Amino acid sequence: MNNSIVAAVLLLGLGAGYGLAQWQPGASSMPAKADRQALYWYDPMFPQQQFDKPGKSPFMDMQLVPRYADGAASAATPAVQIDPGLAQNIGVRLASVSRGVLTSRLALSGILAFNERDVAVVQARAAGFVERVYARAPGDVLKAGAPLVDLLIPEWAAAQEEFLALRRSGERGLIDAARQRLRLSGMPAGLIAQMERSGQVQSVLTVTSPISGALQTLEVREGMTVTPGQTLARFNGLDQVWLQVAVPEAQSAMLNVGQRVQSHFVGLPGKALDGTVSAILPATAMDSRTVQVRVELPNPDGALRPGMTAQVSLAQTDGQALLQVPSEALIRTGKRVLVMLAEEGGRYRPVEVETGVENQDHTVILSGLQEGQQVVASGQFLLDSEASLKGVTATAAEAAMNMQPGAQP
């Protein structure tokens, strides 16, 4: 019983091996006619070697396989012809040669910084003394109008007393001149209006935050003497922040002001923020060979803090419509790049192409193809092997031309 099973398995294996040896990509599914004349014989393991008569392969322990003429390709344009049903069975899938704008995306990292355009500096307008410093410290985030320090300015007190005395006289010209003198002394319009309403001298000025933002420096202490023009505090606004991105020098050619940028922050998981390139700095960093790009990001809720890091996706395009094919359709041999060009009647032939930049799943074609042609995107390696067996070599397509912008046919 065991011997019978072993014999049956051997017979089945021999039959399957014979069937695989007889199947050839591109051959018709109909039985071969007995009167077909073989062009040559070959070893499937060494298809480049051809023999003029049948026999045993000198390379492998197997019989040579005949190659028949199928009459599908002419001598002028040699090609491989495959029955459509068989092409579907072996997974042949076509893709069109199209023209479009190539957009590439750079994955970079960035660091948030303060918006150096949104800066406010508070200075003393006149000489005086620091009466009080409110409980503020660098790093505090304050609203506009928050009190910082009280200053006693004797010069303003004397000018206000003179103004109030002239106002009691009723001389309109003198009153206007005295009011102008108060303005020229540096007294804020709000303090002048308060003095006129109350009729009393306002000798103490409360200095407040001019904008909403982060207090960067506070240079006063109680009892200090201040001079005109002395810096008391410095603020940075937070309504908009800068994202500083370092772009490799080799990839900076297509950078443009106004480009859209998408960023993801570690501290804000699941949230993508869109910004705009506001500036491309003119200097290249010597140590890292990178170009600094400044991206503006809105920060209405204050969640973005300078110093945070981000993963940045920067879209690049030169705006030109370029010829392109799916990258999976390319056959890279190491010395050249081929595609299998699909023609009418189930004919396929290898064509050598010149490629340009690659972006995601598409590659730019500089020469060798024309818009609207069909190339094999899946199953091309099997077809290329069949073409090699038939001696169909890759050449540039007859109608091909250099597809670079401005080229003439």
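The values are calculated or read from the model by the stated rules, or taken from the named source; none is laboratory data. Please read these numbers as outputs of a predicted model, since none were measured by experiment. A quick note on method: Cβ atoms are made from the backbone with ideal geometry, for glycine too, and the neighbour counts reach across all protein chains shown.
Determine whether ASP301 is of a type in the set (Asp, Glu), more than 30 Å from LEU215 (Cα to Cα) and not in a strand (DSSP E or B).
Working: of a type in the set (Asp, Glu): yes; more than 30 Å from LEU215 (Cα to Cα): no; not in a strand (DSSP E or B): yes.
No; evaluated as a whole, the condition is false for this residue.
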- Do we find that ILE211 is farther than 24 Å from PRO147 by Cβ and of a type in the set (A, V, I, L, M, F, W, C) in this structure? no
- Task: Return yes or no: is ARG105 out of contact with any Gly (no Cβ under 8 Å at 6 or more places or on another chain), at pLDDT 90 or above, part of a strand (DSSP E or B) and not polar (S, T, N, Q)?
- Result: no
- Message: Quick test for you: out of ALA233, ALA283, ALA272, ALA279, pick the one residue that is over 20 Å from the mean Cα position of the chain (by Cα) and over 25 Å from LEU142 (Cα atoms).
- Response: ALA283
- Message: It is to be established whether one or more residues within the range 324-336 are part of a strand (DSSP E or B), loosely packed, with under 15 Cβ neighbours inside 10 Å, touching a residue at least 24 places away in the same chain (Cβ under 8 Å) and under 21 Å from the mean Cα position of the chain (by Cα).
- Response: no
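Just give me the residues in the range 159-191 being of a type in the set (Ser, Thr, Tyr) and either more than 21 Å from GLN230 (Cα to Cα) or in a strand (DSSP E or B) (or both), in sequence order.
Across the range 159-191, the qualifying residue is only SER169.
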- Item | Subset of the range 286-321 that is at positive phi and more than 17 Å from the chain's Cα centre (by Cα) - its residue that is surrounded by the fewest Cβ atoms within 10 Å (Cβ to Cβ) | GLY307
- Which of the residues spanning the range 248-279 are closer than 15 Å to GLN311 by Cβ and outside any strand (DSSP E or B)? VAL266, GLY267, LEU268, PRO269, GLY270, LYS271
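Is it fair to say ALA127 is in contact (Cβ under 8 Å) with a residue 60 or more places away in the chain, more than 54 Å from the chain's Cα centre (by Cα) and more than 28 Å from ALA214 (Cβ to Cβ)?
Values: in contact (Cβ under 8 Å) with a residue 60 or more places away in the chain: yes; more than 54 Å from the chain's Cα centre (by Cα): yes; more than 28 Å from ALA214 (Cβ to Cβ): yes.
The answer is yes for ALA127.
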- Say we look at the range 200-217 and pick out the residues that are closer than 15 Å to ARG132 by Cβ and in contact with a Pro (Cβ under 6 Å, 6 or more places away or on another chain); which of these is surrounded by the most Cβ atoms within 10 Å (Cβ to Cβ)? THR208
- Task: Working only within the range 269-290, note down all residues that are closer than 19 Å to ALA315 by Cβ and either at pLDDT below 85 or among the aliphatic types (A, V, I, L, M) (or both).
- Result: ALA272, LEU273, VAL277, ALA279, ILE280
- Message: surrounded by 12 or more Cβ atoms within 10 Å (Cβ to Cβ), in the same structural domain as ILE153 (by TED's automatic domain parsing), in a helix (DSSP H, G or I) and without any contact (Cβ under 8 Å) to a residue 12 or more places away in the chain: is that true of GLN194 in this structure?
- Response: yes
